Amino acid sequence: MRRQGISGPSPTSFFGGNLQERNNLRKEAMLHDMQSLSHDIVPRLMPDYVQWSQTYGKSFVFWWGIEPRLAIYDLEHIKELLSSKHMYSLGRSRLQQEGVMHFIGKGLLMANGDAWTHQRRVVAPAFHVEKLKHQLEHIVECTLEVVKLWNKMLCESKEERVEIEISEHMSQLAGDIIAKTEFSSSHQKGKLIFLKLSALQKLSIHSSSRFGSNLQRIRKLKEEVESLFMEIIEGRRAAALQAMAGHTDDEDGQQKNDYYGQDLLGLMLAEMEAAKLEAAPPLRGQRRQRQQLGRMYTSRQLMDECKTFFFTGHETTWLLLTWTFMLLASSPTWQHRARQEALLFLHQHGDMPDFDMLSRLKVLGMILLESLRLYTPATLLAREAFSSIKVGDLEIPKGLSVWVPVLAIHHDKTIWGEDADEFKPERFSEGVVKACKNPMAFMPFSFGPRNCVGQNFAMMEAKIVLCMLLSQFTFHLSPSYRHAPICILTLQPKHGVPIILRHFRP
Ligand code: HEM
């Protein structure tokens, strides 16, 4: 890379590379809460990136233990890198996959090559617009439970106000929504899975940095999570078999696989059954060939996918909602504008959100984009080169990991202007294209074929939840709020977001 004019910090130890220096910088930057409610969070969350980019330029190489990583910043390079051109030459590294092996396994997020292509093809239809329309009522139903709970809390309060920790409420709501919409799970079972999966996530993160301590606890939790999913899967199978009894294929135009349901779980189960049929008679050569092509859909794959979607569908949306409430609670003007729009929207649609009209929620749309820019849940994108590739004029050798610092790009003043660290939803008033110098600089959902498969679902969910809650309640940041964003896989508020909640009185 030096020959191409790209350098970087020298590794300080043979096995540790630059990890010690990076960890020290991060520890120091995050030692204290932020002094004020500033959105200038890159120096706090990526101090290593800030320091090294000032010394070596915005693209540089550093050592993650024994793994070399290239921080890449040029937007044209990033565009090409994430495009379909390099789809099969880049993917998740072994290190990335091992870190989450017990937690989400080789579900879509961690899959590579042909297996990824197959898995994506199976799940993508669950997120088509027509399917999303049917999910709306479930999202409304789950949000109404929150409305009910908050009404009760306010009724019981003598002061007509209560303090709530909104990140906890949004976390439960997002978990409830994904359980209901994609798995038709009951509230109770969804909650239990979500609690155990969160514990598994925390243990997995810890143990990857402690060389496998906690392994027994991890295995036990994994078994518990999987047996809860198994109950849901078996329940769905039994219901499908019952519905199939007495029917033949094509009766009323219905195929056997339709009986499994049209949500994510239904699509995956149907694929697994189809793969089983295809695999019979089990001609060994064919089976191996199919496996190599990634066309088998095993129960292991189904389980990993269930965990993957429970995790991805919950983690990021919860954070989008939490940070958006933090921003609105500290900006009365934008909260007022968003509420006016929500009230008008609900008034026009008999107090129920309407799918086709969601795109007309312009103010809410701008606020969500600005929230995703400032507090993007996924702060970086990482890929490993499986073969040597050329990206523009840049040669990336086989084995090099590439690292896109999304958060730093979202806050770059040369791209977004001097007010890059301010909350200004109006910058999106004419869409992403006009909001900055290069629309590629906005990538909360990534780009290209491996972009976020659930992005439309997430935006729909966020708009409905905000619309319903803003129309009934007001939100003010509690004086006890401590501004301390941290990164634990995703960008989170270290001490939560305490909010003073009141009924909205027009
Ligand atoms: C605000 C909400 C969300 C954000 C900001 C977000 C962000 C992202 C990003 C940046 C990626 C690419 C990761 C990478 O390439 O390294 C991604 C992938 C993914 N997301 Fe999301 N996501 C959100 C919501 C969701 C939801 C609601 C679901 C599912 C219900 C979901 C499922 C996935 C999956 C399965 C992938 C892997 C896609 C693939 O590799 O083909 N996400 N997401």
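Laid out as a table, the results:
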item	result
For VAL402, distant residues with modelled amide H under 5 Å away	LEU70, ARG383, GLU384, ALA385
Neighbour cut-off at most 16 other Cβ (10 Å), DSSP loop, GluC sites (Glu not before Pro), the range 85-166	GLU159, GLU160
Value at 222 nm in deg cm²/dmol, rounded to 500, when DSSP H runs of n ≥ 4 in the chain each add -39,500 (n - 2.57)	-16500 deg cm²/dmol
GluC sites (Glu not before Pro) within the range 423-506, DSSP loop, no more than 12 other Cβ atoms inside 10 Å	GLU430
Neighbour cut-off at most 11 other Cβ (10 Å), DSSP loop, chymotrypsin sites (Phe, Trp or Tyr not before Pro), the range 144-211	PHE211
Listed residue pairs exceeding 20 Å between alpha carbons, taken from LYS152/LYS180; LYS79/LYS390; LYS362/LYS463; LYS79/LYS463; LYS189/LYS463	LYS152/LYS180; LYS79/LYS463; LYS189/LYS463
Cβ-defined net charge surrounding VAL42, 13 Å radius [Lys, Arg +1; Asp, Glu -1]	+1
Separation of the ARG121 and ASN151 label points, Cα + 7 Å toward Cβ, nm	4.8
Cut-off 13 Å between beta-carbons: net charge of the residues surrounding ARG94, Lys and Arg +1, Asp and Glu -1	0
Cα gyration tensor category, rounded, prolate or oblate, for the chain with a/c compared to 1.5	oblate
Filter on LYS191/LYS276; LYS58/LYS85; LYS222/LYS276; LYS222/LYS398 - keep pairs with C-alpha separation over 30 Å	LYS191/LYS276; LYS222/LYS398
Cβ crowding within 10 Å averaged over residues, with 478-490, 166-178 ranked highest first	166-178, 478-490
Sum of side-chain charges, GLU461 neighbourhood, beta-carbon under 14 Å (Lys, Arg +1; Asp, Glu -1)	-1
Spacing of the two label points (7 Å from each Cα toward its C-beta) at MET440 and SER480, in nm	4.7
Candidate lysines for bridging to LYS158, where Cα separation is under 22 Å - those fewer than 8 sequence places away on the same chain excluded	LYS148
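Any read-out appearing in this document is the output of simple, stated calculations on the displayed coordinates, not a laboratory observation. Remember, it's a predicted structure, so these values are computed and weren't measured experimentally. Every residue, glycine as well, gets a Cβ built from its backbone with ideal geometry; the counts of neighbours run over all protein chains shown.
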